[in-house]
Amino acid sequence: LGLPAPSSPAGAIPAGAGLDVPGLEPLITPNRDFYRIDTALSVPRVDVDDWRLTVHGLGVTRPLELSFAELLERELIERRITLTCVSNPVGGRYTGNAHWIGVRLADLLAEAGVRPPSRGGPADQLIARSVEGMTLGSPVETVLDGRDALLAVGMNGEPLPFAHGFPVRMVVPGLYGYVSACKWLTELELTTFDGYDAYWVERGWAARAPVKTQSRIDTPRGLAELSAGPVAVAGVAWAQHTGIDRVEVRVDDGPWTPAELAEEDSVDVWRQWVWTWDATPGRHTLQVRATDRSGETQTADRVGTVPDGATGRHAVVVTVS
Ligand SMILES: Nc1nc2c(c(=O)[nH]1)N[C@H]1C(S)=C(S)[C@@H](COP(=O)(O)O)O[C@H]1N2
Ligand SMILES: [Mo]
C-alpha cells in the first residue's frame, strides 16, 4: 500500500533539536520502539478495501461515509507530534514522537458541517469508534481550535503499522491517547459529554484529559555506577501544544540548575535537554523539573495516573566512585 505525498510536509527537523548524547532517546521514535497501549487481545487486521469511515451525529448537516481511497483524495499533511499515554508513570516510557501523515480532522468535520460549541455547535464531544468497538471521546472545541488534530494514515514514512491502528487512527497534540488517539478508527460521532461516556470514562478515568507537563531523565539510568568527573545528564520534557521553556536539574538537596535545552521543533513535540554534572563520589539523587510556556513549573506533588495523569518529578539514584 502506497501513500500519496503530503501537500504540506513536516519540514526538516531544526538543527540542534536532536542532541547526540548516549542513552538519550532519539527525537523520533522508530515504529518498532514506539510504545503500544490498547485493549485489543489480538491486533485488528483491517482490510482497507472494506474499511469505511462514517461521520454523523449531533450538528452534522452532511453525514459522510468514505472509503480509504476517498479519504486519501483529501489534502494530506505531515506533522511531528508526541503522543503520551495517561497511564505513563513519572519517568515512564509510554510516550513517543513520530512523523504522522494524515487528513486534518478539522477539514473533515467542516465538510460534515460541524461547528465547535464556541460557534454555536450543539456537540461538545467527538466520539471516535474503532472497528473492535473501543470508544474515545475528545472535546470538539479542542480538535477544532487550530491545532494539527489528524486522521493519520502514515507513521514515520510508512502506512500505519497494524499495531498502531492501520489503516486510520486519530492523533491530537496535547490530549492523552485514551481521549484522542483512536486506532483502527471507523466512526466519528458528534455527541455531548453529558450524553455519553467513552470506554475509559465508564471505568473511572477523566472525560477530559489534556497532557500534563512532564520531564524525564533518560541518562544516567537509575542505579547506574559512574566515575567521578563530568557526566552528561540528559532526557526529554513535554508539554504538547504549550511548549517547554525551561528544564532544571538538582543534585540531592542542592540548588535547581538550568539544563541546556535542545532547539524546539514545535510545541507539539517533546524537547530534549542536557546538563553536565561534575559528579563527586557517593550516592546521589538527580531530579528534574520542567516549566512550560504557560509559566507552570511541574509540581513535586506525586499523584498516580488515575484519573487524569500522574504528577511529580522524576528522580534517579546513582552511585559515583
Ligand atoms: N482502538 C483503540 N484505540 C486506542 C486504544 C485502544 O485500546 N483501542 N488505546 C489508546 C491509548 S490508551 C493510547 S495511549 C494510544 C496508544 O497508541 P499507540 O499504541 O500507537 O502508542 O492509543 C489509543 N487508541
Ligand atoms: Mo493510554
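Figures for the structure shown
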read-out	value
Test: residue in region 230-240 that is within 16 Å of ligand 2 (Cβ to nearest atom), in contact (Cβ under 8 Å) with a residue 12 or more places away in the chain, in a loop (DSSP other than H, G, I, E, B) and crowded, with 19+ Cβ neighbours inside 10 Å	yes
Number of positions in region 41-90 that are outside any strand (DSSP E or B), among the charged types (D, E, K, R) and within 16 Å of ligand 1 (Cβ to nearest atom)	1
Residue within region 4-11 that is without any contact (Cβ under 8 Å) to a residue 40 or more places away in the chain, part of a strand (DSSP E or B) and not assigned by TED's automatic domain parsing to the domain that holds VAL303 present	no
Pick from region 44-85, criterion more than 16 Å from ligand 2 (Cβ to nearest atom) and of a type in the set (Val, Ile, Thr), ranking: farthest from ASN31 (Cα to Cα)	THR61
Hits in region 290-321 - residues which are part of a loop (DSSP other than H, G, I, E, B), hydroxyl-bearing (Ser, Thr, Tyr) and out of contact with any Asp or Glu (no Cβ under 8 Å at 6 or more places or on another chain)	SER294, THR299, THR305
Given (1) more than 12 Å from ligand 1 (Cβ to nearest atom); (2) under 19 Å from VAL131 (Cα atoms), number of the condition ARG36 does not satisfy	(1)
Matching residues, region 138-173, being closer than 23 Å to TRP200 by Cα and small (Gly, Ala, Ser)	SER138, ALA149, ALA152, ALA163, GLY165
Residue within region 91-102 that is surrounded by fewer than 16 Cβ atoms within 10 Å (Cβ to Cβ), of a type in the set (Lys, Arg), at pLDDT 95 or above and within 13 Å of ligand 1 (Cβ to nearest atom) present	yes
Members of region 86-109 that are closer than 22 Å to PRO167 by Cβ and either within 16 Å of ligand 2 (Cβ to nearest atom) or among the hydrophobic types (A, V, I, L, M, F, W, C) (or both)	GLY96, ASN97, ALA98, TRP100, ILE101, VAL103, LEU105, ALA106, LEU108, LEU109
Some residue of region 187-204 being part of a strand (DSSP E or B) and within 14 Å of ligand 1 (Cβ to nearest atom)	yes
Every residue from region 125-184 that is farther than 18 Å from TRP100 by Cα, in a strand (DSSP E or B), touching a Pro at 6+ places or on another chain (Cβ under 8 Å) and more than 16 Å from ligand 2 (Cβ to nearest atom)	GLN125, LEU126
Residue in region 186-197 that is crowded, with 24+ Cβ neighbours inside 10 Å and within 16 Å of ligand 2 (Cβ to nearest atom) present	no
Flag if VAL274 is in contact (Cβ under 8 Å) with a residue 24 or more places away in the chain, over 28 Å from LEU175 (Cβ atoms) and surrounded by 18 or more Cβ atoms within 10 Å (Cβ to Cβ)	yes
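The values are calculated or read from the model by the stated rules, or taken from the named source; none is laboratory data. If you're wondering where the values come from, they're calculated on a predicted model, not measured in any experiment. Cβ: placed from backbone, ideal geometry, glycine included. Neighbour counts: every protein chain shown.
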